[in-house]
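See below for the structure under consideration.
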Amino acid sequence: MCVFIAPAVAMAISLAITVASTAASFAAQAQQARQTRNNAMAAQQIQASATAHQTEQSEVAKANQMQQAQAQGEQAKATAIASAGQNGTSGNSVDALVADYNATEARYRDGVAQQEGWDRQQAALQQQGYAVQAQQRIDSAPMPSFIGAALRIGGGAMDAYNQQNPSQGSPMNGN
């Protein structure tokens, strides 16, 4: 049994299939672009969180080092004063020794504070780098094009017309 389909119906079916296919393709491209954006933003947040956690751990470790250095300095000063007292030494030499311990501790604290500032700057630069990387991933994702979709539908309409009217040629040719 052979079923006859009128040329206009066949052309309408072909055009409908083209429209549906183009719409599905457009939706898939839009979904891919959204997924790329979401993945890029999630990666940035994870990297930023890891950097912040690392910075926090480093600062805690440096604070512990400074506390230990202070305790050692206090212990050294106390030992020097006690030792001087047992030996009957006092005055400028003991004061100079204590001042030297204080200066050494201050230089150490300044060095640790400076390193901590540099570490914070490095973490901030890393955060900026992560943001740039995420934006680059988002920008490189293929975005769906309304013009491209319209051209595909128009091309499908022309193909359907030409298939139904092969002897007449394209309506664009003036035949």
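The values are calculated or read from the model by the stated rules, or taken from the named source; none is laboratory data. Quick caveat, the model's predicted, so the values are computed rather than measured. Counting neighbours? That spans all protein chains shown, and the Cβs are built from the backbone with ideal geometry, glycine included. Remember, those area values only see protein heavy atoms, side chains included, never the ligands or the DNA or RNA. Shrake-Rupley method; radii C 1.70, N 1.55, O 1.52, S 1.80 Å.
If you check GLY73 against the conditions, is it in a helix (DSSP H, G or I) and touching a Ser or Thr at 6+ places or on another chain (Cβ under 8 Å)? So GLY73 passes the test. Mind listing whichever residues of the range 82-107 are open to solvent by 90 Å² or more (accessible area, probe 1.4 Å) and either part of a helix (DSSP H, G or I) or in contact (Cβ under 8 Å) with a residue 24 or more places away in the chain (or both)? Correct list: GLN86, ASN87, ASN92, ASP95, ARG107. Residues of the range 121-148 that are of a type in the set (S, T, N, Q) and either part of a helix (DSSP H, G or I) or open to solvent by 60 Å² or more (accessible area, probe 1.4 Å) (or both): GLN121, GLN122, GLN126, GLN127, GLN128, GLN133, GLN135, GLN136, SER140.
Being closer than 22 Å to ALA52 by Cα and free of Cβ contacts under 8 Å to residues at least 12 places away in the same chain holds for only one residue in GLY148, GLY129, GLY154, and it is GLY129.
Every residue, every condition in (1) closer than 30 Å to VAL132 by Cα; (2) loosely packed, with under 13 Cβ neighbours inside 10 Å; (3) modelled with pLDDT under 85; (4) in contact with an Asp or Glu (Cβ under 8 Å, 6 or more places away or on another chain), yes or no:
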{"residue": "ALA6", "(1), (2), (3), (4)": "no, yes, yes, no"}
{"residue": "VAL9", "(1), (2), (3), (4)": "no, yes, yes, no"}
{"residue": "LEU15", "(1), (2), (3), (4)": "no, no, yes, no"}
{"residue": "ALA27", "(1), (2), (3), (4)": "yes, yes, no, no"}
{"residue": "GLU56", "(1), (2), (3), (4)": "yes, yes, no, no"}
{"residue": "ALA63", "(1), (2), (3), (4)": "no, yes, no, no"}
